[in-house]
Structures are given as structure tokens and as C-alpha cells.
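Presented below is the structure to which this report refers.
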Amino acid sequence: MVGQTVAPGFTASFSSERRDGSRSNTKSVTSNIQWPEFKVSQPDPVLGFTGEIFSGKGSLSPEQTLVEFISTSAAFHGVKKQPLRTLEWDLLKVFPFNVMPANAAAWYMAKRKFYMNQSFDQQLLPFLLKKYPEKFKVMGTQVIFLEVFNQEVAKNKLKYLVQYGLNAYFSHKSDEYGVYFFDPFYYENTEPFHESLRQCSSRPNMANKSKLVSSYFNAAGLKDQFKFQQHSAYLVSICKQPGVKIVTNTTGVIISMVNNQYGFIKFGSGDTALFCCKSLFKDGWQFSGDPLKLPAMKFDGYQITGGVRGDQAYSWYAVLVWCGRRPSPKFCSTAE
């Protein structure tokens, strides 16, 4: 698993299936349009992310990315209309030129569960498509796709969305957690992340897929955006801020509690780290007892500046604290 509380649960599969349908002629796009490569560069002060060319907008939200993916994938595969139920299954599949962007996949899988008890026409996918009448026409249980692209343009756009979506996903994680700890094995073996990493790699057909995450973050451009560290085979971290000190598997003692949610660990030569009780584990299980009765603890964390809670100053934040067996890597990051 990965260091996040809600993660898309696509199973790893690569199918050569295609959606059936015929292309609509409601719109036309000339064949000389060239869709740009996704490149990481300095943000534009007006438009946001340089290279973003969706009608002058800034960075695409996960919802907008998903909508563009659905419409463009349908156009590329020549789909005119499709039942909504089979559309969702196709969105969750990974096959050539049908890879849901990572940021859209994470958003969709986290969001859709809140709509599952609604009537079918009020579930997330129909609800979302109805918000964009210029792209989709929902008639009962069928959806009609209104946009048409030249196939080469659609192919380049789909490639762009995959590259953009993966960068946006990890950028959001870095912003949310400060330092994002995670298990690379999850992303390298779970779709659509695996295929996204493969497509964004300079060596997409490398035999050892366990190198996909490190290869991605060590690519030109991304090395300046993310500070990537490989702590072990099953633990890495990314951070946008330069010079942040990170420690793993460090021994310390819980010295006091602020309340029933936060406490302090003393370690090293008198340094203090704040921790959240949601990140406290004993023998692989979340601990709900009195933290002050626990023995010496291990923790992963990073250095911060100017931290004060109650009367206690601290200069580190512990993202995962445990004794006994180390817990699953999915608990490695907490946003508290």
C-alpha cells in the first residue's frame, strides 16, 4: 500500500480491449494542430503552469483532467455513444491510449464512494458528465460524445494528460504533507500509476519495474521540482522545499502529551519531535492506550522551523511512530 489514507484501488491489468462505436461529426479539428509535450518549468505568473493550453486556464483540477480524458479517449477510439455502465468499466481499464491520469484517478476513486447509495442517474459519473453539456449529452443510461479530434491530435493530448496528471498528483501530495513518505512498490504495481510511470520514463520498457519511481523523480526537470530520497527498498520520500532534513528509523522516548491527540518525543542530543496519536503504532497495530506507558520508540520524520504547541517548542515532526513490528508503509504520511 501507499502513504495515503484514501488511494485509488485499480488492480494491475493491461488489456487490449477497445470500446466500440462510430465517430460523430458534430465538430471537426484540423490535422495541423500539434499537442505539446508536457514539460516541467517555472510557473507563469498569469496562467499558472507554463505549457497549460486549455483555453488560457491555469492548472487543471482533477475533475477537469478527468473530463478531458473521457472526451479525448472516446474521440481517439471513435466512440459516438456508449452505455454509462460500460463507460465506467472502460475508464478503470488500462489499455493503449486509455490511461486515466493519476490525479483524476485518485480524485474519482475517493469521490465516487459518496455517491454509491444514490440512484444511478445521480451517481458520480452521470452527475459529472451532465455538468459539461458542450462535451457530453446524457440521455437516460446512454452518453453521447460531442467532441471529435483528429486521431493524432487526440493521441498527443492523451499523452499530455498522463504526464500532467502524474506530476499534478505528486505535486499535490508534496503540498499536502510537506514531506510525503510512501512505498514505491504500490505505485509500481498499481494501475493507472504503473502505466503512467512507464509512459513518463525515458526507458519505458525497462525490465525492472521496481526502478520506475526512482527513474521518474530523477528525470530532468523533476529533480529540481522534487527532492527525492530513497531510504530503503520500500520507503522513499519527496519534498518540494530544498534542504529539509529527514530521519528514518530513529530511536526516541515519548516524554509528554499536549492532549489526547498530540505528544512529544525526545531523541538524539535533546531534540524534540511532535507526533500525532493517529501515527502511533505498537506491533503493527494502531495504539489507543496511554502513550506515556510505551517503551522507547522508533520514528520517521523531518525537521521544521518555529514549531510551538502549548509551552513546548519543537523542531521536528514525526510522521510515523512505532515500537515492535514496523507498521504497513500506507501509514507513513499523515496530514495532521
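None of the figures in this text is laboratory data; all of them are computed from the coordinates on show. This one's a predicted model, so the numbers in the text were calculated from it and none came from an experiment. Counting neighbours? That spans all protein chains shown, and the Cβs are built from the backbone with ideal geometry, glycine included.
From the mean inverse distance of alpha carbon pairs (Kirkwood) and the Cα radius of gyration, derive Rg over Rh for segment 79-208.
Details: Rg = 16.4 Å, Rh = 16.5 Å.
For segment 79-208, the value is 1.00.
Per-residue HN-Hα couplings for segment 88-101, Karplus 6.51 cos²θ - 1.76 cosθ + 1.60 at θ = phi - 60°, whole Hz, x for Gly and Pro?
Here the 3J(HN,Hα) series is 5, 4, 5, 5, 7, 7, 10, 8, x, 6, 8, 10, 4, x Hz.
Per 0.36 nm of contour for each residue apart, how much would the distance between Ser288 and Glu152 grow if the chain were fully extended, relative to their Cα-Cα spacing?
Stretched out fully, the Ser288 to Glu152 stretch lengthens by 43.3 nm.
Name the residues whose placed amide hydrogens come within less than 5 Å of the amide hydrogen of Val319, ignoring near sequence neighbours (fewer than 5 apart) on the same chain.
Amide H neighbours of Val319, under 5 Å, 5+ apart: Asp300, Gly301, Tyr302.
Taking the Cα-to-Cβ direction at Gln303 and at Gln199 and moving 7 Å from each Cα, how far apart do the two end points lie in nm?
Placing both labels 7 Å beyond Cα along the Cβ direction yields 4.0 nm.
Given H placed on each backbone N at 1.01 Å, which residues far from Leu146 in sequence or on other chains put an amide H within less than 5 Å of it?
Phe136, Lys137
Using 0.36 nm per residue of separation minus the Cα-Cα distance, give me the extension gain between Ala296 and Gln142 in nm, one decimal. Don't skip to the answer; put the middle values down first.
Details: separation 154, 0.36 × 154 = 55.44 nm, distance 5.99 nm.
Difference between extended and current length: 49.5 nm.
Each label point is 7 Å from the Cα along the Cα-to-Cβ direction; what then is the distance between the points at Phe95 and Tyr115, in nm?
It is 2.3 nm.
Once amide H atoms are placed 1.01 Å from N in the peptide plane, what residues at a sequence separation of 5 or more from Lys227, or on another chain, have their amide H within under 5 Å of its amide H?
When sequence neighbours closer than 5 places are left aside, the close amide H contacts are Cys239, Lys240.
Please work out the FRET efficiency for the pair Val253 and Asp175, using the Cβ-Cβ distance as r and a Förster radius of 25 Å; give the result to the nearest 0.05.
Between Val253 and Asp175 the formula returns 0.20.
Calculate, in nm to one decimal, what Lys211 and Gln229 gain on full extension: separation in residues at 0.36 nm each, minus their alpha carbon distance.
5.2 nm
How high is the relative contact order of segment 52-198, in percent, counting Cα pairs under 8 Å that sit 6 or more residues apart?
32 percent
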